[in-house]
Amino acid sequence: MSIQVENLTKAYGQQKAVDSISFSANNGRIMGFLGPNGAGKSTTMKILSCFIPQTSGKALVNGFDVLTNPVEAKRQVGYLPEHNPLYIEMYVKEYLNFIAELHQTPNKVQRIKEVIDLVGLGVEQNKKIAQLSKGYRQRVGIAQAILNDPPVLIMDEPTSGLDPNQLVDIRQLIRDLGKDKTIVFSTHIMQEVEAVCDDVVIINKGTLVENDSLQNIFSRH
Ligand code: ADP
Ligand code: ADP
């Protein structure tokens, strides 16, 4: 199992944003993390990506504990935040080069070419990020997340706000990436889960309310 979460809790003061949730996610499958705004999705994604520590409970990424072994745990994960703070005054290649330097990506030049192809940046690769549409900015964010070819991808609302054409393409891109990775895909829209995911965890007010394969859920309802 690539992600194992047990009784994970995050409190902000008295308020529990995430309240003792447990689930696991496996390689080659896409896990939809579904819940309304404020449910605790981003908080969970940030814990799994080692950006914030949990209050209690356990989270392992490829066997590495996010609290006790954050350096190794972080290496397992590519994280696409909901609001990706791209440096919009940079050119696409300049930005990816900067990220590759930061993450000490091996065979940097070659790998940047590969990810630009993989995410379908096309002629947009020669532009400034500021000139790109939302969909192409999202592709830059995905390129950034997969630069070091991590086995786990954590994507926070990756399809929100996309126009219909970009939506179809980026869903397909995520499905392709999911063939040999573990992906956690957060969204507040059930249709996104149906279109992209194999499994689903549903949370509401920080509490887990469902955890099953889509196949099982549809055969029960
Ligand atoms: P979602 O991603 O599902 O919209 P979040 O994880 O962003 O939910 O937020 C869950 C709850 O935790 C919300 O009530 C939110 O206001 C609260 N919250 C999130 N981050 C913080 C923070 N840094 N400080 C205090 N409360 C927070
Ligand atoms: P993100 O896409 O990273 O979840 P948000 O717009 O939800 O960004 O939140 C921006 C920042 O504010 C995050 O660091 C989040 O943890 C924090 N935050 C969210 N809700 C609250 C809250 N109720 N009180 C304090 N900080 C919050």
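The values are calculated or read from the model by the stated rules, or taken from the named source; none is laboratory data. Here the structure is a predicted model, which is why all the values come from computation and not from measurement. Here the Cβ is made from the backbone with ideal geometry for all residues, glycine too, and neighbour counts use every protein chain on show.
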### Task
Test Val209 against the stated conditions and say whether it is closer than 18 Å to Asn26 by Cα and at pLDDT 95 or above.
no
### Query
Within the range 173-188, restricting attention to residues that are within 16 Å of ligand 2 (Cβ to nearest atom) and farther than 14 Å from Ala25 by Cβ, which residue is farthest from the chain's Cα centre (by Cα)?
His188
### Query
Can you list the strands (runs of 3 or more DSSP E) found entirely within the range 1-107 that contain at least 1 residues being within 12 Å of ligand 1 (Cβ to nearest atom)?
3-12, 15-25, 30-34
## Note on the structure
Conditions (1) away from ligand 2 (no atom under 14 Å from the Cβ); (2) over 22 Å from Pro150 (Cα atoms) -> Gly13 fails only (1)
### Message
Please go through the range 19-57 and give me each residue that is within 23 Å of Ile189 (Cα to Cα), within 12 Å of ligand 2 (Cβ to nearest atom) and of a type outside the set (S, T, N, Q), ordered by number.
### Response
Gly38, Ala39, Gly40, Lys41, Met45, Lys46, Ile47
### Message
One residue is enough: does the range 27-45 have a residue meeting the conditions of a type in the set (D, E, K, R), under 23 Å from Asp149 (Cβ atoms) and out of contact with any Asp or Glu (no Cβ under 9 Å at 6 or more places or on another chain)?
### Response
no
### Task
Please specify each residue of the range 169-221 satisfying the condition of being under 24 Å from Leu147 (Cβ atoms) and among the aromatic types (Phe, Trp, Tyr).
Phe185
### Query
What are the residues in the range 127-142 that are farther than 17 Å from Leu173 by Cα and surrounded by 18 or more Cβ atoms within 10 Å (Cβ to Cβ), if any?
Ile129, Leu132
### Task
Out of the residues in the range 71-104 that are polar (S, T, N, Q) and at pLDDT 95 or above, state the one that is surrounded by the most Cβ atoms within 10 Å (Cβ to Cβ).
Gln76
### Query
Is it true that Met1 is at pLDDT below 95 and either touching a helix residue (DSSP H, G or I) at 6+ places or on another chain (Cβ under 8 Å) or more than 16 Å from ligand 2 (Cβ to nearest atom) (or both)?
yes
### Subset of the range 131-145 [more than 13 Å from Pro85 (Cα to Cα), in a helix (DSSP H, G or I) and among the polar types (S, T, N, Q)]
Gln131
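Please return the ranges of strands (runs of 3 or more DSSP E) entirely within the range 167-220 where 3 or more residues are within 10 Å of Leu34 (Cβ to Cβ).
182-187, 199-204
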### Message
Residues that are within 16 Å of ligand 2 (Cβ to nearest atom) and without any contact (Cβ under 8 Å) to a residue 12 or more places away in the chain: does the range 93-106 have at least one?
### Response
no
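Assess whether Glu124 counts as being part of a helix (DSSP H, G or I) and buried (at least 18 other Cβ atoms within 10 Å of the Cβ).
The answer is yes for Glu124.
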### Query
Which of the residues that make up the range 177-221 are touching a strand residue (DSSP E or B) at 6+ places or on another chain (Cβ under 7 Å), exposed (fewer than 15 other Cβ atoms within 10 Å of the Cβ) and among the hydroxyl-bearing types (Ser, Thr, Tyr)?
Ser213
### Query
Mind checking which residues of the range 168-184 are touching a residue at least 24 places away in the same chain (Cβ under 8 Å) and either over 15 Å from Asp117 (Cβ atoms) or touching a Phe, Trp or Tyr at 6+ places or on another chain (Cβ under 8 Å) (or both)?
Ile170, Arg171, Ile174, Arg175, Gly178, Lys179, Asp180, Lys181, Thr182, Ile183, Val184
